[in-house]
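For reference, the structure discussed in these notes is given below.
The values are calculated or read from the model by the stated rules, or taken from the named source; none is laboratory data. If you're wondering where the values come from, they're calculated on a predicted model, not measured in any experiment. Here the Cβ is made from the backbone with ideal geometry for all residues, glycine too, and neighbour counts use every protein chain on show. Side chains included, ligands, DNA and RNA excluded: accessible areas come from the protein's heavy atoms. Shrake-Rupley method; radii C 1.70, N 1.55, O 1.52, S 1.80 Å.
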Amino acid sequence: MGNVNYARTSDEQEKLRLFIVDDNPVVREVMTKTLNQEKDFLVVESVGSGREAWRRVFVSKPDMVIIDLNLPDVKGIDLIRDIKAREVRLPIIAFSFHEDEAYAEKVLWAGAQGYVMKENSIREIANAIRAVARGETYLSRNMLNRFQMNHPGGLRHVQYKTT
């Protein structure tokens, strides 16, 4: 997970350091409080814009980034591509209202390792974080069902379309 090599307290060593990007301050606050209650997570920073994320994510040195795809200043998918261009090993989970399978596919091709719908519970978000931390690709259940129905051969058979 990323190039993480900086001093941590003994309590922090066991925790996955998370960086949250969402323009809604209530969502950021609820996610931060709820995820910090988990024994294995520590939200190190949460920001409300793509530009702010770009300025802060490499300073905060998270183990994983959770990005809202509907940001006011940049497209979340572009932010994913930009972060991955600089730190290819930093895992990213996309967090979105988009139910469109084609959009989720583009997000995964952009470099996200997970796609969670905003309608999902915080429990599913926590499951996604843990799965991605283990090196797995995670799709929320409703998106996974869509992919399985439309791509019975699995994601390796999905073709990315640029248009």
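See the values below:
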read-out	value
Among (1) modelled with pLDDT of 95 or more; (2) farther than 23 Å from D23 by Cα - the single one I80 does not satisfy	(2)
Subset of region 26-51 [of a type outside the set (K, R) and open to solvent by 70 Å² or more (accessible area, probe 1.4 Å)]	V26, E29, V30, Q37
Subset of region 54-78 (residues that are under 21 Å from F41 (Cβ atoms), without any contact (Cβ under 8 Å) to a residue 60 or more places away in the chain and among the β-branched types (V, I, T))	V57, V59, V65, I67
Failed item in (1) in contact with a strand residue (DSSP E or B) (Cβ under 8 Å, 6 or more places away or on another chain); (2) hydrophobic (A, V, I, L, M, F, W, C); (3) at pLDDT 95 or above, with A85 passing the rest	(1)
Criterion (open to solvent by less than 30 Å² (accessible area, probe 1.4 Å) and in contact with a helix residue (DSSP H, G or I) (Cβ under 6 Å, 6 or more places away or on another chain)) met by exactly one of I122, I129, I93, I83	I93
